[in-house]
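All remarks here apply to the structure that follows.
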Amino acid sequence: MRVLVIGGGLGGLAVAKGLLDNGHRVRIYEHAEQLRHGGAGVTVWSNGTAALRGLGIPLQGVGRQLHSLRAMTATGRLLWEADLDEVTERLGSPTVEIPRRELLYRMAEALPNDVFRFGKRCVGVREFADHVVADFADGSSETGDVVVGADGQRSMVRRTVLGGEPARPTGWASWQGLTRSDLPIAYGYQTLNIAGRDGHCGLIPAGEGLLHWWFDMPWRDDQAELTVADLRSVFTGWPEPVEELLASVSDEDLGFFPHIRHQIPKVWGGPRTTLIGDAAHAMPPAVAQAANQTMEDAWLLSCSLAHDGRHPEPMLRDYEQQRRPRVAKVSRTAALTSAQRRTPLQRIGKFPRWIATRSQVISLRSGSNILRGLTPPAVSMGVA
């Protein structure tokens, strides 16, 4: 089939790789003039690394494999620590922190150069009985058999095909960055999450001395963005190495990301269209699953379209019906986790290490298709 992928981010590149490997003719249409190299780090959990492996995109040699996940309070009290090595052993795939740009480049290296069409901003999609057309701002159009909307939270494909309300703000925002650091945590293998009553922060090594750090705070869209000086004031007295980190960064290192959440539709497209990633299910980053769910989308959609010989609509709806329960569960968990961040933490006791580890295993598996072995029927029967 001729597949038009709208959007050249992580999801677009991932699904293009899977579909090309299954024999389809694929083009990626990206509104920017080149691959995007912004963003901070991406935590690729076991489900994400498994999906990337299934797509033929291994992560060996990039990023930092994580061995431990520690959570503590702003007063320095340990809440829990999960053994990510055991999670890896139980689920068969590791957790890796990687700079977003490096992940994007790794994906791009796996694709032929002629798959990309840059400077192509999609302005609409038109579906017909035997084909679909994507229209672009420069006046051009492209015809295919299927359109995949991988164009993010403000998806033009979603608006054109489904309509409906845009993603809604949740009342929180992140200020984050990816910087080289002399702090010991930047050279370790542990994620550190620190929770206060009105703010959270995290520090994650991303390899080669890079440290991904983030600060979450309540925020409304009528408020001004915070500066590093503001963050230093709010997070004074927090456990090491929070103050040391904030002393080492500047406003130029700071990225601002309001948290949003989509209502996940029951159907994600028309007879010849579907969505992946934030276009279908943008969610707050409280459980760090947005990119991972996108990778799962790309893997399962590639599986669903691995066999041809019939109209694409049943295959697209099958993909959506299998993904929606899993991603809806993750989205609800992310929203609930974010909403509970004002809970007085002194009421929360310490969890034993084995419970924290097992909880990670259960949570990752319950929100995943690939870790649960859920594939389209035709693929699981060896048709593909």
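The values are calculated or read from the model by the stated rules, or taken from the named source; none is laboratory data. Since the structure is predicted, the reported quantities are computational estimates derived from the model, not experimental observations. All Cβ positions, glycine included, derive from the backbone under ideal geometry; neighbour counts span all protein chains shown. Side chains are part of the model used for accessible areas, which takes the heavy atoms of the whole protein and leaves out ligands, DNA and RNA. Shrake-Rupley method; radii C 1.70, N 1.55, O 1.52, S 1.80 Å.
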Got a sec? Charge dipole of segment 78-151, +1 on Cβ for Lys and Arg, -1 for Asp and Glu; which of Pro94, Val148, His131 is way out at the positive end? His131
Interchain or sequence-distant (5+) residues whose placed amide H lies within less than 5 Å of the amide H of Gly124 are Asp135
Taking Cα atoms only, helix 10-21 is inclined relative to the longest principal axis of the chain by an angle, in degrees rounded to 10, of 40
For segment 175-218, report the accessible area per residue in Å² (1.4 Å probe, heavy atoms, rounded to an integer). 34
Evaluate the Debye formula for segment 42-95 with equal point scatterers sitting on the alpha carbons, no solvent, and hand back log10 of I(q)/I(0) at q = 0.13 Å⁻¹, in q order, two decimals. -0.38
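I'd like to check one number: the per residue accessible area of segment 1-63, probe 1.4 Å, reported in Å² as a whole number. Please report the intermediate quantities before stating the final value.
Values: 2160 Å² over 63 residues.
Solvent-accessible surface per residue comes out at 34 Å².
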Could you order peptides 85-92, 280-287 by the average number of other Cβ atoms within 10 Å of their residues, highest first? 280-287, 85-92
Between Ala206 and residues 5 or more places away or on another chain, which pairs have amide H atoms under 5 Å apart, with H built 1.01 Å from N, and which residues are they? Leu211, His212
Solution diffusion estimate, µm²/s, Stokes-Einstein, segment 1-102, Kirkwood Rh from C-alpha pairs, 20 °C, viscosity 1.002 mPa s: 136
Counting only protein heavy atoms and rolling a 1.4 Å probe, one gets per residue an accessible area for segment 220-282 in Å² of 49
Reported label for calculated Cα Rg over 2.2 N^0.38 Å given (i) 1.70; (ii) 1.25; (iii) 0.98: (iii)
Assign unit charges at the C-beta atoms only (+1 for Lys and Arg, -1 for Asp and Glu), then state the dipole size of the chain relative to its Cα centre in Debye, rounded to the nearest 20. 1260
For Thr95, which sequence-distant residues (separation of 5 or more, or a different chain) have an amide H within less than 5 Å of its own amide H, given hydrogens modelled in the peptide plane? Leu66
What is the spin-label model distance, in nm, from Asp253 to Arg332 if the labels are put 7 Å beyond Cα along the C-beta direction? 4.0
With the 8 Å Cα cutoff and a minimum separation of six or more residues, segment 181-221 has a relative contact order in percent of 37
Using the alpha-carbon atoms, what tilt in degrees (0 to 90, nearest 10) does helix 312-339 show relative to the longest principal axis of the chain? 10
Please state the relative contact order of the chain as a whole percent: Cα pairs under 8 Å, 6+ residues apart? 22
Cut-off of 10 Å, at most 16 other beta carbons, DSSP loop: longest stretch of the chain lacking such chymotrypsin sites (Phe, Trp or Tyr not before Pro): 190-384
Rounded if a/c under 1.5, otherwise prolate or oblate - segment 213-308, Cα gyration tensor axes: prolate
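Determine the dipole magnitude for segment 187-323: charges of +1 sit on the beta-carbon of Lys and Arg, -1 on that of Asp and Glu, nothing else is charged, the reference point is the Cα centre, and the result goes in debye to the nearest 20.
Numbers: 9 positive and 20 negative charges, 156 e Å.
For segment 187-323, the charge dipole is close to 760 debye.
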Rounded to a whole %, the carbon-and-sulfur portion of the accessible area of the chain at a 1.4 Å probe is 50
Is there a quick way to get the dipole size of segment 1-121? I mean about its Cα centre, with the Cβ of Lys and Arg at +1 and of Asp and Glu at -1; what is the value in debye to the nearest 20? 600
